[in-house]
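*Asks:* Input: one structure, supplied below.
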Number of protein chains: 2
Amino acid sequence: MAVLEHKQLWETVADQLREEILDGRLAAGTRLVETELAARYGVSRGPVRDALSELSRVGLTVDLPRRGTFVSSLTEHDLEEVYVIRRAIEEAAVRLAIERAGDDEIGALFAALQAVEAAYAGDDLAVAWEADMEFHRACSRLSGNRRLMELFDLLASQTVLLMRTSLQSHASLAWTPPVEVHRRIAEAIAARSVEGAVEAVGAHYQYTQDRLAATEAAASPAPGD
Amino acid sequence: MAVLEHKQLWETVADQLREEILDGRLAAGTRLVETELAARYGVSRGPVRDALSELSRVGLTVDLPRRGTFVSSLTEHDLEEVYVIRRAIEEAAVRLAIERAGDDEIGALFAALQAVEAAYAGDDLAVAWEADMEFHRACSRLSGNRRLMELFDLLASQTVLLMRTSLQSHASLAWTPPVEVHRRIAEAIAARSVEGAVEAVGAHYQYTQDRLAATEAAASPAPGD
DNA sequence: GCGAGGTTAACTGTTGACAATCAGCAGTGT
DNA sequence: ACACTGCTGATTGTCAACAGTTAACCTCGC
């Protein structure tokens, strides 16, 4: 059982803020004033500063020295940057997974896969994306590389932020749920096929990127409303 | 011309500490006490905490909550983790470089390459590694992906730390300077050969990893002195 | 002599106050 | 009317002090 460890104040504050940002309650571009937050959460400015620093580290906020910190407003260009890196490290992750993960660990991956398929069958996109992320997180976990996992989490949080905001701006993106691409990844890993797995990851990102580019393109010529 | 911007105190402190850590003046495992550092640098504990937080972010120190922060003592296993990620993102970097970098930018890469070759011809390994890093930094810069560059810098600092400490423990690693592997990378990019460049990067990391594994193996059976 | 429990010193987490800086606005001159 | 200068309120960067926790030491009982 996990040793109960005192959460530091800034962690609680960071958790709260992260949730509000990803929920969309704190819109992109919103200025986060330290004294306000301190008052709201009933702590002093110190822990708030630490929390904001953490959020900036993972890319959910940006910190302009002596001017304040603001909720990140990520663009299509940012998404492109994130996806290039995610693809690179996830290909590396599946390579490692195949050579070192046990069958039991791979079983966990399939559990995550089923959750994804179930979630996309439902109608709550936010939930589906959460499951989607969890699948990829499981992939990176199979690598056994802690730095890789932490890096993926960092990039994942930015991805989620961008998804949520794009969900808000143009409410429905017409698409076929990306379940097939995920299944291909899991099965290639289970089959211990390095080539197949790397290609499957590539296909996944190609698919996702194309899809997002299409929705962006469909939305951006008509930015009104 | 660059707008002159006030460096914050914690940046100065972080710079100083980073230098001392990489110089080896602060050995791995050393405890960094906030009050001591505050007194030494003539600032309060606030900026010192921020500086330590930054160093932990890039992996030069580790932060144990309520116990203090210590200079990282990186192991062979850490190196393995770092190199897996570096290889993955550097392969992605050269792919991007080939498709978007102009000939002038690639010229800068060759300038860095010449610096590497000159440095390895000299006898100061620390200087040579610095040039080596700068070459890879130039590579990542060619990608035009800011996140990728920052990520590389983060991993680079850990690499340098490990190199320096390994230099201290077993003073000389017998090797042939890795100039050829770097040249292959630069030339493949200049020739706009994606396949060649990716393979060259792979060869570089294979070479470096083998070399380090060999020196570690040679040192670890006889850990005394 | 050796281990368990209590005690103390040192250090980190947190707080509230002070000083420096920035963005916006009014006022002035052209 | 417009641009520029000097204020003003708000906000961040920094500081010094308090409180809680950790780790080491020291004593006591076996």
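*Asks:* Using the Kyte-Doolittle scale, which helices in chain A average at least -1.0 and also have C-alpha atoms spread 18 Å or more along the helix axis, with helices defined as whole DSSP H runs? Before the final figure, lay out each step's value.
*Replies:* On the way: long enough: A:9-23 (21 Å, -0.35); A:45-58 (20 Å, -0.45); A:76-100 (35 Å, -0.24); A:103-121 (27 Å, 0.66); A:125-142 (26 Å, 0.10); A:146-169 (35 Å, 0.33); A:194-219 (38 Å, -0.10).
Both cut-offs are met by A:9-23, A:45-58, A:76-100, A:103-121, A:125-142, A:146-169, A:194-219.
*Asks:* Kindly give the distances from B:S193 to its copy-mates, label point to label point, with each label point 7 Å from Cα along Cα→Cβ, as nm values to one decimal ordered shortest first.
*Replies:* In ascending order, 3.0 nm.
*Asks:* Would you mind giving the mean number of other chain beta-carbons within 10 Å of the Cβ of each residue in A:145-152, as a whole number?
*Replies:* Details: counts 6, 3, 10, 5, 1, 0, 6, 0.
Whole-number average of other-chain Cβ neighbours for A:145-152 is 4.
*Asks:* List the residues, sorted by chain then number, that are 5 or more residues from B:G68 or on another chain and whose placed amide H is less than 5 Å from its amide H.
*Replies:* For B:G68, no residues qualify.
*Asks:* Compute the length gained on full extension between B:Q114 and B:R67: take 0.36 nm times their separation in residues and subtract their Cα-Cα distance, giving the result in nm to one decimal.
*Replies:* Numbers: separation 47, 0.36 × 47 = 16.92 nm, distance 4.58 nm.
Between B:Q114 and B:R67, full extension yields an extra 12.3 nm.
*Asks:* Suppose the chain between A:R25 and A:S44 were pulled fully straight at 0.36 nm per residue; how much longer would it get relative to their current alpha carbon spacing? Display every interim value, and only then the final one.
*Replies:* Working: separation 19, 0.36 × 19 = 6.84 nm, distance 2.26 nm.
In short, 4.6 nm is gained.
*Asks:* Whole number in Å², please: accessible area per residue of chain B, 1.4 Å probe, ligands, DNA and RNA not counted.
*Replies:* Values: 11340 Å² over 225 residues.
Accessible area per residue: 50 Å².
*Asks:* While we're here: Would you mind telling me which residue in A:Y41, A:Y83, A:Y207 has the biggest mean-square fluctuation in a Gaussian network model of chain A, where springs connect alpha carbons within a distance under 10 angstrom?
*Replies:* Maximum fluctuation in the GNM of chain A, among the listed residues, is at A:Y41.
*Asks:* As a test of understanding, state the convex hull volume per residue of the protein assembly as shown from its alpha carbons, in Å³.
*Replies:* Working: hull volume 86.8 nm³, N = 450.
Dividing the Cα hull volume of the protein assembly as shown by its residues yields 193 Å³.
*Asks:* Could you state the orientation-averaged shadow area of the convex hull built on the Cα atoms of chain A, in nm² to one decimal? Please list the in-between numbers first.
*Replies:* Values: hull surface 56.7 nm².
Seen from a random direction, the Cα hull of chain A projects 14.2 nm² on average.
*Asks:* Here's a follow-up. So how exposed is B:V13, as accessible area in Å² (1.4 Å probe, rounded to 10)?
*Replies:* 10 Å²
*Asks:* Which residue in B is nearest the B/A rotation axis when you measure from the C-beta atom, and what is the distance in Å?
*Replies:* Taking Cβ atoms only, the nearest residue and its distance are B:A88, 2.
*Asks:* Threshold 30 Å², probe 1.4 Å: give the residues of the range B:28-65, in number order, that are less accessible with all protein chains present than with their chain alone.
*Replies:* Listed by number, the residues meeting the 30 Å² cut-off are B:R57.
*Asks:* Using a label position 7 Å from Cα in the Cα→Cβ direction, what is the ascending list of nm distances from A:H6 to the same site in the other copies?
*Replies:* List, nearest first: 3.4 nm.
*Asks:* When chain A is modelled as a GNM with alpha-carbon springs shorter than 10 Å, which of A:A111, A:A186, A:A156 fluctuates the most?
*Replies:* A:A111
*Asks:* Considering only C-alpha atoms, what is the centroid distance from the range B:54-114 to the range A:193-211, in Å?
*Replies:* Their Cα centres are 25 Å away from one another.
*Asks:* For A:E130 and A:R146 in the same chain, what is the full-extension length gain: residue separation times 0.36 nm, less their Cα-Cα distance, in nm? Spell out each step's value before the answer.
*Replies:* Working: separation 16, 0.36 × 16 = 5.76 nm, distance 2.09 nm.
Taking 0.36 nm per residue and subtracting the Cα distance, the gain is 3.7 nm.
*Asks:* A further question follows. Which of the peptides B:149-155, B:18-24 is most tightly packed, and how do the rest follow, going by the mean number of other Cβ atoms within 10 Å of each residue?
*Replies:* On the way: B:149-155: 18.9, B:18-24: 16.0.
Result, highest mean Cβ count within 10 Å first: B:149-155, B:18-24.
*Asks:* In addition: From the label point of B:G144, set 7 Å along Cα to the beta carbon, how far off in nm is each other copy's matching point, shortest first?
*Replies:* In nanometres, ordered from closest: 3.9.
*Asks:* So, one more: Could you check how much of the accessible area of chain B is carbon and sulfur, as a whole percent, using a 1.4 Å probe?
*Replies:* Working: 6010 of 11340 Å².
Roughly 53 percent, rounded to a whole number.
*Asks:* Shifting gears a bit: Using a 10 Å cut-off around each Cβ of peptide A:76-84, what is the average number of partner chain Cβ atoms that fall inside?
*Replies:* Working: counts 0, 2, 2, 0, 2, 8, 3, 0, 9.
Mean inter-chain Cβ contacts per residue within 10 Å come to 3.
*Asks:* Given the options A:A138, A:A126, A:A191, state which has the largest fluctuation in a GNM of chain A using a 10 Å cut-off (strictly under) for Cα springs.
*Replies:* Comparing A:A138, A:A126, A:A191 in the GNM, the peak value goes to A:A191.
The values are calculated or read from the model by the stated rules, or taken from the named source; none is laboratory data. Everything numeric in this text was worked out from a predicted model, so none of it was measured. Counting neighbours? That spans all protein chains shown, and the Cβs are built from the backbone with ideal geometry, glycine included. Remember, those area values only see protein heavy atoms, side chains included, never the ligands or the DNA or RNA. Shrake-Rupley method; radii C 1.70, N 1.55, O 1.52, S 1.80 Å.
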